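A short worksheet on the structure shown next.
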Ligand code: 5GP
C-alpha cells in the first residue's frame, strides 16, 4: 500500500472537472500535488507548458508509450493524453497526496496499479444541463455533437463508481470530495 493517497477525479466530458480540480488544489489543508498530463493537443492561449499540460509532439508521446513511461493514455478528438508515471510513484512513495484528472476510461488502468486510489466520478445536474453547457462552449456543431455523444457514453460508466459527486457548484463539490478523502485515508489506516 502506498504511503500517500491518489485521488482520481473523473466524470463525463465538459462536466466541470477542471473547476473542481482548481478548488481542491487551492485548499492547502488537503496537501494535494497535481499530476500534470502529457498531451499532443495544441496549447491554448491561456495555458502554460509544464503547468496545465506537457505539450509534446506525436513522436515524443509515442516514445513515452513505447518505453512505458505512462500510467495510462487515451485519444480524444484526434489528440493523445496520458499520465506520466514516475512523478506519481515518487510523490506517493514519499507520502504525498496526488490529484489526477482523467477521462473515465483511464481509471481502470490506474486502479490496477494503485488499488487503494480514491476515484470520484463527477456527474452533471442533469444530462440536459450538460448538453446545454457543451453547446454553449463549442460553437462548432461537429465538436459539440462529439462531446455530447462522448459525455452520454461516459455517463454509462458512472454506475461503476462508488464515489460520485454532483457538480452544481464547484466549491460544494470540492467540500464533498475533501470529506471522502478524509474518510478514505482513515479506512486505509484502519
Ligand atoms: P482538454 O483538451 O479539454 O484539456 O481535455 C480533454 C479531456 O482529456 C478531458 O476530459 C480531460 O479530463 C482528459 N484528460 C486530460 N489529461 C488526461 C490524461 O492524462 N489521461 C486521460 N485518460 N484523460 C486525460
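Below is a table of values for the structure above.
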{"quantity": "Selection from the stretch 22-33 of residues that are touching a helix residue (DSSP H, G or I) at 6+ places or on another chain (Cβ under 7 Å), within 20 Å of residue 90 (Cα to Cα) and modelled with pLDDT of 95 or more", "calculated": "32, 33"}
{"quantity": "Residue 87 vs. criteria modelled with pLDDT of 90 or more, within 30 Å of residue 185 (Cα to Cα), in a helix (DSSP H, G or I) and within 14 Å of the ligand (Cβ to nearest atom)", "calculated": "yes"}
{"quantity": "Meets criteria (away from the ligand (no atom under 14 Å from the Cβ), touching a helix residue (DSSP H, G or I) at 6+ places or on another chain (Cβ under 8 Å) and either closer than 29 Å to residue 181 by Cα or assigned to a loop (DSSP other than H, G, I, E, B) (or both)) for residue 68", "calculated": "yes"}
{"quantity": "Residue satisfying condition, being within 9 Å of the ligand (Cβ to nearest atom), closer than 21 Å to residue 181 by Cβ and not in a helix (DSSP H, G or I), within set 100, 7", "calculated": "100"}
{"quantity": "Any hit, the stretch 14-21, residues being within 11 Å of the chain's Cα centre (by Cα), modelled with pLDDT under 95, part of a helix (DSSP H, G or I) and within 8 Å of the ligand (Cβ to nearest atom)", "calculated": "yes"}
{"quantity": "Of the criteria (1) loosely packed, with under 13 Cβ neighbours inside 10 Å; (2) touching a helix residue (DSSP H, G or I) at 6+ places or on another chain (Cβ under 8 Å), which one residue 135 fails", "calculated": "(1)"}
{"quantity": "Matching option when the condition is surrounded by fewer than 18 Cβ atoms within 10 Å (Cβ to Cβ) and at pLDDT 95 or above, among 78, 50", "calculated": "50"}
{"quantity": "Unmet requirement for residue 26, which otherwise passes all of (1) out of contact with any strand residue (DSSP E or B) (no Cβ under 6 Å at 6 or more places or on another chain); (2) under 30 Å from residue 149 (Cα atoms)", "calculated": "(2)"}
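Residue by residue, here is whether (1) farther than 17 Å from residue 8 by Cα; (2) free of Cβ contacts under 8 Å to residues at least 40 places away in the same chain holds:
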residue	(1), (2)
95	no, no
101	no, no
106	no, no
128	yes, yes
142	yes, yes
150	yes, no
158	no, no
166	no, no
169	yes, yes
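The values are calculated or read from the model by the stated rules, or taken from the named source; none is laboratory data. The structure presented is a predicted model; accordingly, all values stated were derived computationally and were not measured. Glycine also receives a Cβ, built like all others from the backbone with ideal geometry; neighbour counts cover every protein chain displayed.
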